[in-house]
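A.B. asks: Could you have a look at this structure, given as structure tokens, before my questions?
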Amino acid sequence: MGVIDRSHTTIEFAGDGRVGGDTGCNRYFGDVTINGAEMSFGPLAGTRKACPGAVMDQEMRFYRAMENVSQWEIAETGLLHLRDADGKDLVRAAATDDP
């Protein structure tokens, strides 16, 4: 399923095992564990602003996807692929220069 136009979900990895970003509606943060090609996220917490229903649905799909991430890879295209245990892409992300 695609994403809503002009709704930018972001993810930023900090060097201290923390992760954070924006779901297009709310800010979130949590822990990430990376061991080689394996990756897992602890519970993600975030702000609780109300947004239009479609954006809130997209946010919930993002949170569910992050719960199931177990692998990662940066492809030749530069895209970050976050995958489940079966190798299925859950999230694809592109690097950005935006702060």
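A.B. asks: Would you mind finding the one in 69, 55 that is crowded, with 16+ Cβ neighbours inside 10 Å and more than 17 Å from residue 92 (Cα to Cα)?
C.D. replies: Going through 69, 55 in turn, the sole match is 55.
A.B. asks: Something else now. What number of residues within segment 17-46 satisfy the criterion of being surrounded by fewer than 16 Cβ atoms within 10 Å (Cβ to Cβ) and of a type in the set (Asp, Glu)?
C.D. replies: Looking only at that region, the number is 2.
A.B. asks: Right, something else. List, please: which pairs have Cβ atoms under 9 Å, are six or more places apart or on different chains, and start with a residue in segment 43-61 that is touching a residue at least 12 places away in the same chain (Cβ under 8 Å) and end with one that is of a type outside the set (D, E, K, R) and open to solvent by 70 Å² or more (accessible area, probe 1.4 Å)?
C.D. replies: 44/29; 45/29; 46/29; 56/50; 58/1; 58/3; 61/1
A.B. asks: Of the numbered conditions (1) exposed (fewer than 15 other Cβ atoms within 10 Å of the Cβ); (2) without any contact (Cβ under 8 Å) to a residue 40 or more places away in the chain; (3) not small (Gly, Ala, Ser), residue 96 satisfies every one except a single condition; which is it?
C.D. replies: The failed condition is (2).
The values are calculated or read from the model by the stated rules, or taken from the named source; none is laboratory data. The shown structure was predicted, so the numbers you read here are calculated from the model rather than taken from an experiment. Glycine also receives a Cβ, built like all others from the backbone with ideal geometry; neighbour counts cover every protein chain displayed. Please note that ligands, DNA and RNA were not included when accessible areas were found on the heavy atoms of the full protein model with its side chains. Shrake-Rupley method; radii C 1.70, N 1.55, O 1.52, S 1.80 Å.
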